Amino acid sequence: VSRATGPGRSRRTRLLEGLLASKTKARSIPAQIAILTRRAYLKGVRDRDFWYRMLFIPLLQFAFYAILFVWTRSSGGGMAPYDGWTPEDDEYITVLHLISAKRSFLYQTLTAAVITETAVLAECYTEQRAFRREHAAGGYSAAAYHLQWAFRLMAQALWKAVLFGSVVYWAPYQFAPTAEAFFYFIAVFALLSSTGSAFSLLMISFIPDPEGAGTAHNAIVSVLLQFSGFYLPACLMPPVVNIPYVISFGKFAFEGLLQNEFGDQPYGSRWSYYGYQSMDPVLSKWTNLLALGLYPFVFHALAFVFTFLHTRPRSFWTRFDSEAKRAERVARARLEPPPGSSAPPTQQL
């Protein structure tokens, strides 16, 4: 194919050649982030389903958990004493049921904070398709694309934690209602929401198909949440089975929430025995919070790596070819027989 040169080339041809030849974007990284963020929020405001997915349905879910555990505030914790119980037995059994209900409440809340972020998969897939077209044309870089996602999802996790966490936290019985305990719960909620959304972004970046990414997301998250310590403490499981428990973000969240709720009670109080038996304390609640805070950054970094690899041109991957494969590709381009082949050379017309 002959390449037109000089003024005979069309304007479109010159523009495409300029974009392909340029190794820098037309705008700086902060400008790209601002443009992408503004476009995403404008699209969300105009989309009626956005408010249902991001606000209405999660609010109903957390309101349901609040109503589900509000019975623990009733007289006797909602438990009727049996015949023959002494007042001490009544108090002991009531406290055990309250602690069991509070553990269930904390686990259900942290699970919902992660699962509700699966809605990010659909939004990520839609924006990913537009980004790849614009990235191929030299519009935006992968770094700007993922930085704006990180800023948006972390800000979204913060207001969700304040809104939904305030709705659900005060519904069940409070053993020690303090400002520190409440704000710790809000911090864990925000980090869990950010972790869930970042993991959704990671899955759609790794598997650019909504069905496949959703299946992988649900399979992995269900295992990690199951090994959070609610159903079975890690001290009762074999070491091989403990591998998901060690890497699970649910473990750090649940352990920190239990210590936030029961760990500050003096030893020998009426609920400390059952609380310590249920916690399997390994780290302090602040260390658990710090470990949980690493997950969003790790997931965002991995998502950027996969997006970067998916958007590389074919020439990027040919750098890793072996010498034999390079020689075969060159011979095929020259219409020559592959090296080592006895086939006659192809006649060039």
Note: among 179, 136, 101, just one is more than 26 Å from residue 35 (Cα to Cα), more than 18 Å from the chain's Cα centre (by Cα) and open to solvent by 30 Å² or more (accessible area, probe 1.4 Å), namely 179
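Residue by residue, here is whether (1) under 17 Å from residue 126 (Cα atoms); (2) of a type in the set (A, V, I, L, M); (3) crowded, with 23+ Cβ neighbours inside 10 Å holds:
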| site | (1), (2), (3) |
| --- | --- |
| 145 | yes, no, yes |
| 156 | no, no, no |
| 193 | no, no, yes |
| 202 | yes, yes, yes |
| 208 | yes, no, no |
| 212 | yes, no, no |
Do we have any residue at all in segment 253-260 that's open to solvent by 60 Å² or more (accessible area, probe 1.4 Å) and either at pLDDT 75 or above or within 22 Å of residue 111 (Cα to Cα) (or both)?
no
Residues in segment 203-216: is at least one touching a Cys at 6+ places or on another chain (Cβ under 9 Å), at pLDDT 90 or above and either part of a loop (DSSP other than H, G, I, E, B) or hydrophobic (A, V, I, L, M, F, W, C) (or both)?
yes
Can you tell me which of 42, 60 is modelled with pLDDT of 80 or more, in a helix (DSSP H, G or I) and loosely packed, with under 11 Cβ neighbours inside 10 Å?
60
Do we have residue 119 as surrounded by 18 or more Cβ atoms within 10 Å (Cβ to Cβ), modelled with pLDDT under 85 and not aromatic (Phe, Trp, Tyr) here?
yes
Scan of segment 45-57 for residues that are of a type in the set (Val, Ile, Thr) and modelled with pLDDT under 75, ordered by number:
45
Flagged pairs (Cβ under 8 angstrom, 6 or more apart or on separate chains; first in segment 51-64, in contact (Cβ under 8 Å) with a residue 40 or more places away in the chain; second basic (Lys, Arg)) are 58/160
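The values are calculated or read from the model by the stated rules, or taken from the named source; none is laboratory data. As the structure is a prediction and not an experimental result, all values here were calculated from the model. Cβ atoms come from the backbone with ideal geometry, glycine included; neighbour counts cover every protein chain shown. What goes into the accessible areas is simple: the full protein's heavy atoms, side chains included, and nothing from ligands, DNA or RNA. Shrake-Rupley method; radii C 1.70, N 1.55, O 1.52, S 1.80 Å.
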